[in-house]
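The structure under discussion appears below in the form of structure tokens.
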Amino acid sequence: MRGCALKVFGALLAAQLALAAQAAAQAISINAETDKTTVSLNDTLRLTVTISGSGSDMPDPELPSLPNFNVYSSGQSNNISIINGRISSSMVYTYSLAPRFVGKATIRPIVLRVGGQTYQ
């Protein structure tokens, strides 16, 4: 009988962990913004990507193909808060985009993949 109780406890624990992981995945947001909408050939555009969520382990964002720009990582920062036992965090990724030629360019959505879910 004791083995059966352990199996039930293990199943309940696994179900709770799965629900917690699902809730954490649903609490993720991604935001991207630029510091300007027009840039000259001898200037750069700053792209800032912010990922916020209820966990402390955030994956890196996936930038789309940007053939009109030379892309340089300008660093990242991390902020983790624990309030009443709840963890929340945000990661800020900064990129410098230098135009390669004159013309119009569109930055397609930035992708974040977490636990089988895709965020843009």
43, 60, reordered so the largest accessible area comes first (probe 1.4 Å): 60, 43
Potential lengthening between residue 96 and residue 84 on full extension [0.36 nm per residue; Cα-Cα distance subtracted]: 0.6 nm
Pairwise FRET efficiency - residue 33 versus residue 70, Cβ, R0 = 22 Å, nearest 0.05: 0.65
Rounded accessible area per residue of the range 42-120, 1.4 Å, Å²: 64 Å²
Cleavage-rule hits, trypsin sites (Lys or Arg not before Pro), the range 23-99, DSSP coil, Cβ neighbours within 10 Å at most 15: 36
Carbon + sulfur, % of accessible area of the range 48-109 - ligands and nucleic acids excluded, 1.4 Å: 48 percent
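The values are calculated or read from the model by the stated rules, or taken from the named source; none is laboratory data. As the structure is a computational prediction, the values presented were derived from the model and not from experiment. Note that each Cβ is placed from the backbone with ideal geometry, even for glycine, and that neighbours are counted across all protein chains shown. Just the protein is used for accessible areas: all its heavy atoms, side chains included, with ligands, DNA and RNA removed. Shrake-Rupley method; radii C 1.70, N 1.55, O 1.52, S 1.80 Å.
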